[in-house]
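The next block holds one structure in the form of structure tokens; read it before the comments.
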Amino acid sequence: MIKITNLEKFYRTEEVETVALNKLNLEINTGEFVAIMGPSGCGKSTLLNILGLLDDPDGGSYLFNGTEVAHFNERKRADLRKHNIGFVFQSFNLIDELTVFENVELPLIYTGVNSADRKQRVEEVLTKMQIMHRRNHYPQQLSGGQQQRVAIARAVVNKPKLILADEPTGNLDSSNGNEVMELLTDLNEQGTTIIMVTHSEHDARYSHRIVRLLDGHTVVENIMM
Amino acid sequence: MIKNYFKIAWRNLWKGRVFNLMNITGLAVAVACCTLIFLTVYYEFSYDNFHDKLDRIYQVYNVANRPKGVEKNSAMPIPMASAFKAEYPAVKYVTRSGNMGGVVTYGNQKVDGDIHFVDPDFLKMFSFPLVQGNRNAALSELNSAVITEKAAKKIFGSKPALNQTIIINSNNEEKPFLVTGVAKDYPSNSSITFDILVRFEHFPQYKVEKNNWDSRSHIVLAEFNEGYNPQNFSKQIKSFVNKYYAGDIKNLKRDGAKPDANGDIFTLALAPFANNHFNNDIGGVEGDAISKTYPLSLVVIGCFILLIACINFINLSVARGFTRAREVGVRKTLGAGKWQLLTQFWVETIMVCFASTVVGLLLCTLLINQFKAMFKSKISLAMLLEPAHLAGIVVMFLAVTAIAGFYPALMMVRYKTVAVLKGKISGGKPGKLRNTLLVIQFTLSTLLIICTIITWQQISYLSNKPLGYNKTEVLSIPVGQNAKGSDALQLMRNELRNNSNVESVSGAYMNMGKGNDGSSMRSVLGFIYHDREVRTHLQRIDYDYIKTLDIKLLDGREFDSKFGNDSTGLVINESMARELGGKNLIGSTLPIMGGESPAHIIGIVKNFNFQSLHDDIEPLTMTMLKDFEINYIFVKVKPGNLVGAFDNIKSNWHRLYPNAEFKASWLNENTERQYLSERRLSGIFVSGAVLAIIISCIGLLAISIMMVVQRNKEIGIRKVLGANVLGIVMMLSQDFMKLVLVAAILSFPVAWWVMSHWLQSFAYRVDIHWWVFALSTALALILAFVTISFQSIKAAIANPVKSLRSE
């Protein structure tokens, strides 16, 4: 599904140039659950942003389902993104002014799904995430675990082929964290490819494969048995 | 989708309600103010536009290239109009026009009326439709009169007016007239105003001057054939001018006049009647012409205020945008397109603008009466419902929405998704744009403060400058149409002889300043003296004039009843003496009324400002010639009890004239009245400055709130490290203070240019001092500092633990 070759990303300020990704190569197949680990500043989040088409690389190639997407313009990226990729963030990134239902509904609005279908699909996914009873609440009225479940519901409502999760349990206690990991595992078992950045060895164990990054390139890949 | 936009917009607006309230307040004030201003300006520009043939009507005036400069004059000789129509083929209709007050008598009813002396073509040229009578025949007879519906009601009550005979007493002559038409009341934006139209043949001096090309007393208006192009008028009229104005041309040549670019020393020119309301360049016109400066400065100030409010809007939206960066990032991640985001933010702007417009229009209805009183504006709220104005409001609304809403929306949409999700934009950088906009706001505000101070200085200078005569203890009484002036003066003299309050009584043809009767006149006369033309203002006075007005006599004496031949005497001012060449003038004779009866100079007085301070003191000659009637009685009273003296004189007047109004006023009131338009301008500047400062400060307050929120943690850390309250307040204020200072300095050259330009219109004016600029800057700085202090002090005294923990 994903093939990146010699991927490069630099951050420049006036005085220094920092290499975030250094000729990185990585291949991820459809249906995989991959954890990306490494110390702070090793380029994990940068990689995830590029994979999610939120940021563009400075060099190298990125094939998504066989299409070169490294130099797509903003409109094409947004288009590809909204139909294929779901995001889960550490800080949930729910919109405070919208209710649970409206937050989850948002991606469907942007992909132009009609109102009746939206209602049906949002209710479906909320039920699945066991958060249906909170549909009219605002994010700040929910616990961290519940908020992350809403975020996951929002990420999957469009039935994306790929979910990118950036430390999804980072702001949660262990029982809520485990719950979220179970949800991701379920999604993966139903066929969704998942790429997750994490600091937690415990969470990484839910994945099929761990990619360890150091200074912008892969140092080791562990295959989980 | 749209419903979604509105729902989210509403929640966002509610969440930021403090800022939005500030936004709405500022914008609403601006909308109210602009609506009132633009209605006023529209009204001023709408003058006379109800005349169907407006574009074909012109006023004729003459241009003399005198050695001292170009002189334009609209007064015409009586035979000119008919000769013009006969000899210049493009003229379709022509009318002479003169104005005078009169008393109309019908049965026992006596009513004051405004009499307009015109030719029969008048009704064919101008759109004053008749509700009764025949427009083409209404002025065909010499004794015909056309009256307005309003005047008809005043004179006849509910009785029919048509074919009734009325007696009009004007210029002390009673004549009967037959009402042959009733004209529909004209709209308030008409330059031509009248109660009664009568034939021009009844104009004073008509019989004496009807063939005299040298006496000029009224204006001439002409309608030209359709498609007429006035461009070549001066060429085409050359032979006409040479034929009838040969005397003028000869005199001008003798005095050393230089021809203009077309080779003309003296020529006739056309002023479009469409511009009549703003035509204060050619002397007499129909109605009171105003300077275009007045509506234009209103427009400028209106635009300033709207701009300042829009800047607030932009600054606040951009500042608030930082707090919403994450939301934008999330929406983008979820696939929101650029236009979807732009639309969403724009909907919020539209809602705020809509609320502001509604509140602004409500404010408008509350303030309209004060506004009308303050600026002598004749606008009404009903004007708002005219389609053009509704369209104007919609355009203003859209313009504000576009200017104020588009940029912040665009900026938010441009945020880098990754950066905002990481929270990198949340801390607001001050931003060049915000600073630039703040500088613009305070430049405009300081500019208006400077203008306010300088106009105020000039007005107080005008009020306090000694004018060379006593303006505090002298009362001026307009005689009006009820009595003959010289008789009234004699009667008042007798009546007041034993009044202990009164020091002396006199009378004159012209008033000092502008009296309660609202009229002002001048008489300029030219005569040949030692082979060159001398021009002088002429004033007819009576005995004791110099004494009554406390004018200083330099040489000779004033008119005195003890001397038998004073009716041919002259008292002149210093300027006139200089014009005549200086020394030993007492006893010299001047041919002021032609050669046959020369008058001799009996006295010279020190210069005094008999005109407004717009003009230098020009040559003045005072006579006791009976050709000019006494129109004003002057009474000098003892100082101390002015109110008592006024009442006293009033009762004396009413004893003599029980039915005549007592329109007396003190001379200092009269001189003040000359500067009404300056006061109005100063009022505009003051209100503009106050509003600009208030709206700018609302913006600054909101920005400082935002800044304190953004720098909360920094303030906490600084306090923990030992910063004191003053230090923090200074730290938070200094960036803004620098901007305000820069703004003030930027406003200096503009303010200096504008105000020195304005002051040029006064012969007597204040200098522009450096301290005015310093004071305005200090004022702007203090106001800005106080505004910021509300927030900065609050932040500085807050417990640092709180701000640090909340992180």
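Table: residues versus (1) modelled with pLDDT under 90; (2) of a type in the set (Phe, Trp, Tyr); (3) surrounded by fewer than 22 Cβ atoms within 10 Å (Cβ to Cβ).
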| residue | (1), (2), (3) |
| --- | --- |
| A:132 | no, no, yes |
| A:165 | no, no, no |
| A:174 | yes, no, yes |
| A:179 | yes, no, yes |
| A:199 | yes, no, yes |
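Remark: pairs (first residue in the stretch B:542-554, in contact (Cβ under 8 Å) with a residue 12 or more places away in the chain and exposed (fewer than 15 other Cβ atoms within 10 Å of the Cβ); second residue among the basic types (Lys, Arg) and in a loop (DSSP other than H, G, I, E, B); Cβ separation under 7 Å; 6+ apart in sequence or on different chains) = B:552/B:606; B:554/B:606.
Here residue B:136 passes the criteria (1) farther than 30 Å from residue B:274 by Cβ; (2) without any contact (Cβ under 8 Å) to a residue 24 or more places away in the chain except the one numbered (1). So for the stretch B:318-326 (the condition being more than 15 Å from residue B:20 (Cα to Cα), within 14 Å of chain A (Cβ to nearest Cβ) and over 22 Å from the mean Cα position of the chain (by Cα)), does at least one residue qualify? Checking the stretch B:318-326: at least one residue is more than 15 Å from residue B:20 (Cα to Cα), within 14 Å of chain A (Cβ to nearest Cβ) and over 22 Å from the mean Cα position of the chain (by Cα). Evaluated against (1) in contact with a Gly (Cβ under 8 Å, 6 or more places away or on another chain); (2) modelled with pLDDT under 90, residue B:592 falls short on exactly one condition, (1).
Can you name every one of the helices (runs of 4 or more DSSP H) wholly within the stretch B:648-722 that holds 1 or more residues which are under 20 Å from residue B:480 (Cβ atoms)?
Numbers: elements: B:667-673, B:676-710, B:712-720.
Fully inside the stretch B:648-722 and qualifying: B:667-673.
Tell me, please, whether a residue that is more than 24 Å from residue B:273 (Cβ to Cβ) and of a type in the set (Phe, Trp, Tyr) can be found in the stretch B:169-190. Looking through the stretch B:169-190, at least one residue is more than 24 Å from residue B:273 (Cβ to Cβ) and of a type in the set (Phe, Trp, Tyr). When restricted to residues that are over 15 Å from residue A:192 (Cβ atoms) and in contact with a Leu (Cβ under 8 Å, 6 or more places away or on another chain), the stretch A:28-42 contains 5.
Residues in the stretch A:78-98 that are more than 8 Å from chain B (Cβ to nearest Cβ), without any contact (Cβ under 8 Å) to a residue 40 or more places away in the chain and crowded, with 22+ Cβ neighbours inside 10 Å: 0 in all. Note on the stretch A:11-56: residues that are within 14 Å of chain B (Cβ to nearest Cβ) and surrounded by 15 or more Cβ atoms within 10 Å (Cβ to Cβ) total 16.
Here residue B:174 fulfils each of the conditions (1) within 33 Å of the chain's Cα centre (by Cα); (2) part of a strand (DSSP E or B); (3) not polar (S, T, N, Q) apart from (1). Of the candidates B:518, B:587, the single residue that is over 23 Å from residue B:644 (Cα atoms), out of contact with any His (no Cβ under 8 Å at 6 or more places or on another chain), without any contact (Cβ under 8 Å) to a residue 24 or more places away in the chain and in a loop (DSSP other than H, G, I, E, B) is B:518.
Only one entry of A:114, A:65 meets the criterion of being in contact (Cβ under 8 Å) with a residue 60 or more places away in the chain and more than 10 Å from chain B (Cβ to nearest Cβ), and that entry is A:65.
Taking the stretch B:1-51 only, how many residues are free of Cβ contacts under 8 Å to residues at least 24 places away in the same chain and away from every other protein chain (no Cβ under 14 Å)? Qualifying residue count for the region: 1. With respect to being of a type in the set (A, V, I, L, M), in a loop (DSSP other than H, G, I, E, B) and either at pLDDT 85 or above or over 30 Å from residue B:673 (Cα atoms) (or both), residue B:467 fits the description.
Number of residues in the stretch B:332-373 that are surrounded by fewer than 21 Cβ atoms within 10 Å (Cβ to Cβ), within 14 Å of chain A (Cβ to nearest Cβ) and not hydrophobic (A, V, I, L, M, F, W, C): the value is 4.
With respect to the stated conditions, residue B:298 is under 30 Å from residue B:378 (Cα atoms), in a helix (DSSP H, G or I) and either not basic (Lys, Arg) or not assigned by TED's automatic domain parsing to the domain that holds residue B:417 (or both).
Please work out if residue B:312 is away from chain A (no Cβ under 14 Å), out of contact with any strand residue (DSSP E or B) (no Cβ under 6 Å at 6 or more places or on another chain) and surrounded by 23 or more Cβ atoms within 10 Å (Cβ to Cβ). In short, yes.
Taking helices (runs of 4 or more DSSP H) as the structural unit, those lying wholly within the stretch A:134-225 and holding at least 1 residues that are among the charged types (D, E, K, R) and farther than 30 Å from residue A:21 by Cβ correspond to A:144-156, A:174-189. Using the structure shown, decide if residue B:704 is polar (S, T, N, Q), closer than 23 Å to residue B:446 by Cβ and buried (at least 21 other Cβ atoms within 10 Å of the Cβ). Here the answer is yes, as residue B:704 does meet what is asked.
Taking the condition in contact with a strand residue (DSSP E or B) (Cβ under 8 Å, 6 or more places away or on another chain) and either surrounded by 15 or more Cβ atoms within 10 Å (Cβ to Cβ) or at pLDDT below 85 (or both), does residue B:713 pass?
Details: in contact with a strand residue (DSSP E or B) (Cβ under 8 Å, 6 or more places away or on another chain): no; either surrounded by 15 or more Cβ atoms within 10 Å (Cβ to Cβ) or at pLDDT below 85 (or both): yes.
No: the conditions fail for residue B:713.
Checked against the criterion of being of a type in the set (Val, Ile, Thr) and part of a loop (DSSP other than H, G, I, E, B), the candidates B:472, B:446, B:452 yield just one match: B:472.
Go over the candidates B:403, B:454 one by one and state the one that is surrounded by 22 or more Cβ atoms within 10 Å (Cβ to Cβ) and of a type in the set (A, V, I, L, M). Steps first, answer last, please.
On the way: B:403 fails: surrounded by 22 or more Cβ atoms within 10 Å (Cβ to Cβ).
Only one candidate passes the filter, namely B:454.
Entry remark, the stretch B:131-156: residues being assigned to a strand (DSSP E or B) and surrounded by fewer than 17 Cβ atoms within 10 Å (Cβ to Cβ) number 1 in total.
The values are calculated or read from the model by the stated rules, or taken from the named source; none is laboratory data. A quick note: this is a predicted structure, and the numbers were derived from the prediction, not measured. Counting neighbours? That spans all protein chains shown, and the Cβs are built from the backbone with ideal geometry, glycine included.
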